[in-house]
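Heads up, the thing below is written out as structure tokens.
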Ligand SMILES: [Ca+2]
């Protein structure tokens, strides 16, 4: 531990801060890491002060709205809002945390060089983990491992700890985890004969957070349907329904809540139930497994059933993560 020096008296890298009188070789030297930590802390203080200014608050809200719009609509739409987002950020009298958010977004989209312009090894919490992913992404595995190792010792129930362990095992991005077919089954890709509907997903005053159910069956793991979104967590009774024009022979249905290159990966339903209908009229409850980090909710139909529709409904209250589905994976019996 060390105490950051007062402003105006910053040491330079290599300066000896403390020397032990009895053991001259025991000393504390000002390092690049310390300098970055200090810059980070000052950035945070500047932000706290600036945030009290209504004009700054309006800018933050505007930037956040743009970011959330991109989050809701997927990575490929980011290009439409990127310039406006950057222009909004440029007006802020500080930039550390907001820039980190931008770095994290680029990380998830696999643009590691660009992400590193916004992240640093002295970033806090999640951003530091993202920095490690970037280091992996640009081939600096040793630096990535050093950070993963710190996080892997953390709270085992914390999502970040799980990510770090995954990073230690192999240089893989959590958002690139596949949802493969199991033995004896084959994935049935969505087509125009599938129809998705869902509970109301519009937040008053936040139209950019409208969740479009069809985004959960567009075959694209970077786009998603979601319930009400930021500031409005999960509540019991939210539902998502998938219907087929003609009954489909189904073995398993998986709800992908982490997607690919996505912004949010923690939005599995904290309580969920499912029911199916074979004829479109009579519904039967079926078992559905609960989701978890990197473990999607799923329904297994044993034996295989030919279903007309399936409906998922939340049963739990949870905040702040909303419920989201990047893609519904339907698996039928292999021919
Ligand atoms: Ca999708």
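The values are calculated or read from the model by the stated rules, or taken from the named source; none is laboratory data. Model, not experiment: these values are computed from the prediction. Positions of Cβ are generated from backbone atoms using ideal geometry, with glycine treated the same way; all protein chains shown enter the neighbour counts.
One table, with the values for the structure above:
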read-out	value
Residue within the range 122-135 that is buried (at least 21 other Cβ atoms within 10 Å of the Cβ) and assigned to a loop (DSSP other than H, G, I, E, B) present	yes
Top-ranked residue of the range 189-220 - restricted to ones that are modelled with pLDDT of 80 or more and over 23 Å from residue 273 (Cα atoms), ranked as farthest from the ligand (Cβ to nearest atom)	193
Close pairs (8 angstrom Cβ cut-off, 6 or more residues apart or separate chains): more than 30 Å from residue 246 (Cα to Cα) and part of a strand (DSSP E or B) in the range 307-329, away from the ligand (no atom under 16 Å from the Cβ) and modelled with pLDDT under 90 anywhere	318/233; 318/234
Of residues in the range 267-294 being in a strand (DSSP E or B) and exposed (fewer than 14 other Cβ atoms within 10 Å of the Cβ), the one nearest to the chain's Cα centre (by Cα)	285
Any hit, the range 278-298, residues being on the phi > 0 side of the Ramachandran plot and more than 16 Å from the ligand (Cβ to nearest atom)	yes
Identity of the residue in the range 242-263, within 16 Å of the ligand (Cβ to nearest atom) and in a strand (DSSP E or B), that ends up modelled with the lowest pLDDT	256
